[in-house]
Amino acid sequence: VLKDLIVFLHSGFDTMSSNEIDWKAFLDKVPNEKEWDSFLAKFPVDKTSEEEKARRAELFVAFDPNGNGYLSLAEIDKGCRDVLGLYELFEAKKAIMRAYQASKGVGNKSSPGDTGADYVERNEFRLLLKYLRDYFVLWKMFQKID
């Protein structure tokens, strides 16, 4: 599996212009990994699909119970468990933390010193979902190797 993962990641990053990893194509080749289809479907990360944009908007509202437009690490953690129903991802704290750190402040429209840089905002939510998906898949693959 490790060799396949390395070859897949190398070829994927060399040929992709959008930096999107086709996890489905890789995971279909991994023995006993058919349950990934339902996992991958929980992450509406397509930029152009109106259906996925609408799903992201609904998910953001569900992840943001206080309605302030900002997602804290605790809200993301809770959203992975309670909204997405991904209890195994909820246990992967390192993957959640990395996704949070990588996505917060990327699309920050706030002025310096504003709280937006410390939280994931609505315009960064697609990126958060993408990172959650990607980091969790990598976490699981490397967990199998260990």
> For Ala117 and Lys93 in one chain, what is 0.36 nm times their gap in residues minus the Cα-Cα distance, to one decimal in nm?
Replying inline: 6.6 nm
> To the nearest 10 square angstrom, what accessible area does Phe142 show with a 1.4 Å probe?
Replying inline: 100 Å²
> In terms of solvent-accessible area of protein heavy atoms at a 1.4 angstrom probe, what is the ranking of Asp37, Asp134, highest value first?
Replying inline: Asp37, Asp134
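The values are calculated or read from the model by the stated rules, or taken from the named source; none is laboratory data. Everything numeric in this text was worked out from a predicted model, so none of it was measured. We work out accessible area using only protein heavy atoms, side chains counted, and drop any ligands, DNA or RNA first. Shrake-Rupley method; radii C 1.70, N 1.55, O 1.52, S 1.80 Å.
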